[in-house]
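This report concerns only the one structure given below.
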Amino acid sequence: MIPKEIIKKIKRIHIKSRRTANTLMAGQYKSVFRGSGIEFEEVRSYCPGDDVKAIDWKVSARLGKPFIKLYKEERESIVMLLIDMSSSQMFGTFSGLKLEKAAEIASVLAFNAIKNNDKVGVIFFTDKVEKYIPPKKGSSHIWHLIKEIFTFTPKEKGTNIACALDFLANVSRKKTVSFIISDFIADQYIKNLKIVKQRHEIIGIVLYDKGDFYLPEKGIISIACFETGKTIVLDAFYKKTRKYYENQTKKQYNQSLNNLKKSSVDFIEIGTHMSVSNTLSKYFRYRERKIK
């Protein structure tokens, strides 16, 4: 039995994401993420201005006048959402948990994909791949995905992005557009990222919360790592302690961004306080300019 408060969250995200895909982001996704290939459609007579490279010389020779081949884009693509379900996703301050933001991002991307006749699949991962939901279409499929994010109980606590990428490479032989939704608190995945991106288009969505970087000014504070369980005690009364903590956490965060840069992978930074629709729209506009 799913608790009522979880049902409310699922409904809220489902409705909000569908509205975002239908209004604010209508058409942006389609113009940025094209189909996986082209397929032959028909042959027609050559007209002045047509590209001579498109002339079908065999047909033209047989019929005694020039004809060109026409192709259409194969619209259907596969979108894979690799969602970090580690314990660190349960962190959040005033704007909600990282996991809730991940659910909203996944939902918005899924609605955009399905609206454009693409299939959407999901890989939940922690230290290992916890669950795989094969690509499908339909609004009911999105409801199922959101529900799984909020109700699935992972067996492990850590984060192994390399493992998730290897699983993607094995399970998806066809090219996909794959989004890794994570806070990227992980090691040793650059090599795997470089290998997998040769076949798949990979985009990192880096989640963070403002509370990741700052200590409250409240004297003695015990800080526990969600993933390892290790605890440290700090005296946040001292400015030097707070500054040291800020520097170390920002250094770790910047290292994650540098890992993605080294792998030549696009990435989007989204804080729990930020608008998903505005941030993704900004990225889509950037992508549109880049491919023109």
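Just so you know, all these numbers are worked out from the coordinates, no wet-lab data involved. Here the structure is a predicted model, which is why all the values come from computation and not from measurement. Cβ coordinates were reconstructed from backbone atoms using ideal geometry, including for glycine residues, and neighbour counts include every protein chain displayed.
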- prompt: segment 178-229 to segment 119-153: how many Å between their Cα centroids?
  reply: 20
task: Compute the long axis of helix 139-151 from its Cα atoms, compare it with the longest principal axis of the Cα atoms of the chain, and write down the angle in degrees, 0 to 90, nearest 10.
output: 20
message: Checking the cross-link filter: which aspartates and glutamates have an alpha carbon closer than 16 Å to that of Lys282, excluding same-chain neighbours under 8 positions apart?
response: Asp266, Glu269
task: Springs between alpha-carbon atoms under 10 Å, Gaussian network over the chain: tell me which of Leu99, Leu207, Leu234 tops the mean-square fluctuations.
output: Leu234
field: Listed residues Leu207, Ser86, Val120: farthest to the positive end of the dipole of the chain (Cβ charges)
entry: Val120
- line: Within segment 168-246, DSSP-loop GluC sites (Glu not before Pro) with at most 13 other C-beta atoms within 10 Å are Glu217
- request: Rank these for me by crowding, Arg242, Arg173, going from fewest to most other beta carbons within 10 Å.
  value: Arg173, Arg242
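Considering only DSSP beta bridges whose two residues both sit in the chain, what percent are antiparallel, to the nearest 5?
45
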- prompt: If r is the Cβ-Cβ distance from Lys290 to Tyr214 and R0 is 30 Å, what FRET efficiency results, to the nearest 0.05?
  reply: 0.30
message: With a 10 Å cut-off between alpha carbons and a GNM built on the chain, which of Gln252, Gln89, Gln198 moves the most?
response: Gln198
message: Can you give me the angle between helix 239-262 and the longest principal axis of the chain, using Cα atoms only, in degrees from 0 to 90, rounded to the nearest 10?
response: 20
query: About its Cα centre, how strong a charge dipole does the chain have in debye, to the nearest 20, once Lys and Arg get +1 and Asp and Glu get -1 at the Cβ?
result: 520
query: For Tyr132 and Ile6, what is the calculated FRET efficiency with R₀ set at 22 Å and r taken between the beta-carbons, to the nearest 0.05?
result: 0.50
task: State the antiparallel share, in %, of DSSP beta bridges confined to segment 77-169, rounding to the nearest 5.
output: 40
message: If each DSSP helix of 4+ residues adds -39,500 (n - 2.57) and the sum is divided by the residues in the chain, what number results at 222 nm, nearest 500 deg cm²/dmol?
response: -13000 deg cm²/dmol
- request: Select from segment 100-198 those chymotrypsin sites (Phe, Trp or Tyr not before Pro) which occupy a DSSP coil region and have at most 14 other Cβ atoms within 10 Å, ordered by residue number.
  value: Phe152
Residues Leu260, Leu168 arranged by fewest to most Cβ contacts within 10 Å: Leu260, Leu168
